[in-house]
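Inspection log for the structure reproduced underneath, given as structure tokens.
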Amino acid sequence: MAFKVGAVIVCAGKGKRLKGIDKAILFLKGKPLFFHVVKLFLGLKEIKEIVLVIRKNHFSLAKRIIKNKKVKLAKGGTRRRDSVYNGLTSLSKDISHVLIHDGARPFLSKEVVKNILKELKKYPAVICGIAAKDTLKRVNKGLVKETLSRDDVYYIQTPQGFRKDDILKAYRKVKQDVTDDAQLFERMGKKVKIVEGSSLNIKITYPEDVVLAKKFIG
């Protein structure tokens with residue numbers, strides 16, 4: 001099968017840590033958050049198809065502002081893993097590989113994507129992240145228990161790339177909730193390659209992130 005890449009952009013969260021602000025319709029420079037992420041992936045010739053996973057009540061907005069045949073819409077699920085799975089199963093059959101990306105990361109660089117794709121030709125799973133720079137401590141009930149080594153520790157970001165059939169198989173086999181898609185591969189004993197991410201590839205999670213994002217995009 002030819003190396004044909006699709007992207008699943010997950011933007012169906014309820015924004016609980018964002019004090020109830022719906023991330024999907026958080027506007028930056030007059031456009032909702034998901035628009036900026038989709039636009040970036042549309043600018044990459046390597047990406048042949050995009051599935052945007054959002055809540056059903058945002059479908060009409062998405063259709064109004066995204067008029068590109070490469071973009072499909074999929075309904076968000078109750079949990080993140082449900083949303084990702086809905087996105088994966090919406091990809092065309094001839095898509096061989098997939099990048100799964102958080103819709104709350106609008107400042108992803110094309111260079112990071114291209115580095116992931118380069119390694120994805122050799123490995124079944126490739127993720128991006130940045131090496132830990134700060135001191136790490138394990139804390140329990142407000143008290144420090146121990147200082148952890150930061151050697152070989154990475155802060156993991158998205159996108160995460162996979163062979164499509166492998167990640168679908170992993171989702172069907174591993175039923176537990178996970179914090180990122182690569183954990184499914186890890187639990188199945190598969191190798192996961194990591195490439196350098198970017199400190200600008202922030203995830204909009206808290207209200208202060210919104211302030212930062214507005215400064216970035218301005």
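The values are calculated or read from the model by the stated rules, or taken from the named source; none is laboratory data. Remember, it's a predicted structure, so these values are computed and weren't measured experimentally. No Cβ is skipped: glycine too gets one built from the backbone with ideal geometry, and neighbour counts run over all protein chains shown.
For the stretch 155-180: of the residues being within 17 Å of S96 (Cβ to Cβ) and of a type in the set (D, E), which is surrounded by the most Cβ atoms within 10 Å (Cβ to Cβ)?
The residue in question is D166.
Quick one: count up the residues across the stretch 60-79 that are modelled with pLDDT under 95 and in contact with a Gly (Cβ under 7 Å, 6 or more places away or on another chain).
0
Residues that are within 14 Å of the chain's Cα centre (by Cα) and farther than 28 Å from F216 by Cα: find the helices (runs of 4 or more DSSP H) completely inside the stretch 1-102 holding 1 or more of those. Please lay out each step first, then the result.
Numbers: elements: 33-42, 59-65, 80-90.
So the answer is 80-90.
Under the condition of being among the small types (G, A, S) and surrounded by 16 or more Cβ atoms within 10 Å (Cβ to Cβ), which residue from the stretch 118-136 is farthest from V5 (Cα to Cα)?
Applying the filter and picking the extreme gives G129.
Just the residues that are under 25 Å from A104 (Cβ atoms) and of a type in the set (K, R), please, taken from the stretch 135-162. I'd like the intermediate steps shown before the answer.
Within the stretch 135-162, the subset under 25 Å from A104 (Cβ atoms) is 136, 153-162.
None; the set is empty.
If the requirement is being within 15 Å of the chain's Cα centre (by Cα) and assigned to a helix (DSSP H, G or I), which of these qualifies: L212, L168, L200, L184? Step through it out loud before you land on a result.
Values: L212 fails: within 15 Å of the chain's Cα centre (by Cα); L168 fails: within 15 Å of the chain's Cα centre (by Cα); L200 fails: assigned to a helix (DSSP H, G or I).
Only one candidate qualifies: L184.
May I ask you to list the residues in the stretch 82-94 that are surrounded by fewer than 19 Cβ atoms within 10 Å (Cβ to Cβ) and not polar (S, T, N, Q)? First the steps, then the outcome.
Step one: list which residues in the stretch 82-94 are surrounded by fewer than 19 Cβ atoms within 10 Å (Cβ to Cβ), which gives 82, 86, 89-90, 92-94.
Result: D82, K93, D94.
Among what's in the stretch 181-216 and is of a type in the set (V, I, T) and either surrounded by 13 or more Cβ atoms within 10 Å (Cβ to Cβ) or in contact with a Ser or Thr (Cβ under 7 Å, 6 or more places away or on another chain) (or both), pick the residue that is nearest to E111 (Cα to Cα). Spell out how you get there, then give the answer.
If we filter the stretch 181-216 for residues that are of a type in the set (V, I, T), which is where we start, we get 192, 194-195, 202, 204-205, 210-211.
With either surrounded by 13 or more Cβ atoms within 10 Å (Cβ to Cβ) or in contact with a Ser or Thr (Cβ under 7 Å, 6 or more places away or on another chain) (or both) added as a condition, the list becomes 192, 194-195, 202, 204-205, 210.
On the way: V192: 19, I194: 14, V195: 11, I202: 15, I204: 21, T205: 24, V210: 24 Å.
Among those that are of a type in the set (V, I, T) and either surrounded by 13 or more Cβ atoms within 10 Å (Cβ to Cβ) or in contact with a Ser or Thr (Cβ under 7 Å, 6 or more places away or on another chain) (or both), it is V195.
Cβ-Cβ under 9 Å, sequence separation 6+ or interchain: first residue in the stretch 58-87 and closer than 17 Å to K31 by Cβ, partner surrounded by 15 or more Cβ atoms within 10 Å (Cβ to Cβ) and small (G, A, S). Which pairs?
H58/A12; H58/A24; H58/G76; L61/A24; A62/A24; V71/A62; L73/A62; L73/S90
I want to confirm something. Restricting to the stretch 105-132 and keeping residues that are out of contact with any strand residue (DSSP E or B) (no Cβ under 9 Å at 6 or more places or on another chain) and assigned to a loop (DSSP other than H, G, I, E, B), which single residue is nearest to L26 (Cα to Cα)?
So in the stretch 105-132, the residues out of contact with any strand residue (DSSP E or B) (no Cβ under 9 Å at 6 or more places or on another chain) come out as 107, 109-111, 114.
Restricting the remaining residues to those that are assigned to a loop (DSSP other than H, G, I, E, B) gives 107, 109.
Numbers: F107: 15, S109: 20 Å.
Ranking the candidates gives F107 first.
Pairs needed: first member in the stretch 101-115, under 8 Å from S198 (Cβ atoms); second member anywhere, of a type in the set (S, T, Y) and surrounded by fewer than 19 Cβ atoms within 10 Å (Cβ to Cβ); C-beta distance under 6 Å; at least 6 residues apart or different chains.
S109/S198; V112/S198
Test D82 against the stated conditions and say whether it is of a type in the set (D, E) and farther than 19 Å from D181 by Cβ.
Details: of a type in the set (D, E): yes; farther than 19 Å from D181 by Cβ: no.
Taking the combined requirement at face value, the residue does not satisfy it.
Identify the single condition in (1) touching a helix residue (DSSP H, G or I) at 6+ places or on another chain (Cβ under 6 Å); (2) more than 21 Å from H97 (Cα to Cα) that V211 does not satisfy, given that it satisfies every other one.
(1)
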